[in-house]
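Visitor: I am attaching a structure below and will ask some questions about it afterwards.
Where a number appears in this text, it was derived from the coordinates with a stated rule and is not lab data. Please read all numbers here as calculations on a predicted model, not as lab measurements. Glycine also receives a Cβ, built like all others from the backbone with ideal geometry; neighbour counts cover every protein chain displayed.
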Amino acid sequence: MVSKKKALWVVFRPENPGSVDAVREKFLVSYQAFRDMPGLFSKVWWCNSEKGEWGAMYIFNSDEDLQEYLHSDRWLNKVPQKYGYKPEIVAVLDLGAILYKNVVVKGENSWLTDPKRDS
């Protein structure tokens, strides 16, 4: 099965990035909104305190879902307003297999075993 999923890698480079804990708090505030976002398979927030950068790796169910997000009010307006600057898109990537340890062990209820979850 070939995955149609797409990844979006973004980075924020704030003038005053703050501590890792402060950045985590910013991420947690938006957790529910992203959890409920249609078309988003998963999102991982990251922080590189040595470089003063932080960002996210989004995995979308399809290129259409990714493009919809990039043209959304959330991406174009809400995110820059919330943080005071717009994140930089590092890359849009095609994905291969996605490994989640509990899915590999159990193998059920994943896009690997349910074709409807890959679309």
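Visitor: Of everything in region 49-84, what is hydrophobic (A, V, I, L, M, F, W, C), part of a strand (DSSP E or B) and within 10 Å of Leu8 (Cβ to Cβ)? Give them in sequence order.
Guide: Ala56, Met57, Ile59, Phe60
Visitor: Now for a separate question. Working only within region 62-90, note down all residues that are aromatic (Phe, Trp, Tyr) and touching a residue at least 60 places away in the same chain (Cβ under 8 Å).
Guide: Tyr69, Tyr83, Tyr85 - these are the residues of region 62-90 that are aromatic (Phe, Trp, Tyr) and touching a residue at least 60 places away in the same chain (Cβ under 8 Å).
Visitor: Out of the residues in region 34-48 that are outside any strand (DSSP E or B) and touching a strand residue (DSSP E or B) at 6+ places or on another chain (Cβ under 8 Å), which is surrounded by the most Cβ atoms within 10 Å (Cβ to Cβ)?
Guide: Restricting to residues being outside any strand (DSSP E or B) and touching a strand residue (DSSP E or B) at 6+ places or on another chain (Cβ under 8 Å), the top hit is Phe34.
Visitor: Does any residue of region 20-27 turn out to be in a helix (DSSP H, G or I), of a type in the set (Gly, Ala, Ser) and either out of contact with any His (no Cβ under 8 Å at 6 or more places or on another chain) or over 27 Å from Leu99 (Cβ atoms) (or both)?
Guide: Checking region 20-27: at least one residue is in a helix (DSSP H, G or I), of a type in the set (Gly, Ala, Ser) and either out of contact with any His (no Cβ under 8 Å at 6 or more places or on another chain) or over 27 Å from Leu99 (Cβ atoms) (or both).
Visitor: While we're on this one: Filter region 15-33 for residues that are touching a residue at least 12 places away in the same chain (Cβ under 8 Å), surrounded by 14 or more Cβ atoms within 10 Å (Cβ to Cβ) and over 16 Å from the mean Cα position of the chain (by Cα) and give the result.
Guide: Answer for region 15-33, where residues must be touching a residue at least 12 places away in the same chain (Cβ under 8 Å), surrounded by 14 or more Cβ atoms within 10 Å (Cβ to Cβ) and over 16 Å from the mean Cα position of the chain (by Cα): just Pro17.
Visitor: Please work out which one of (1) closer than 19 Å to Leu99 by Cβ; (2) of a type in the set (Ser, Thr, Tyr); (3) not in a loop (DSSP other than H, G, I, E, B) is the condition Ser3 fails and give its number.
Guide: (3)
Visitor: Out of all the residues in region 47-63, which are more than 13 Å from Met37 (Cα to Cα) and within 15 Å of the chain's Cα centre (by Cα)?
Guide: Scanning region 47-63 gives Cys47, Trp54, Gly55, Ala56, Met57, Ser62, Asp63.
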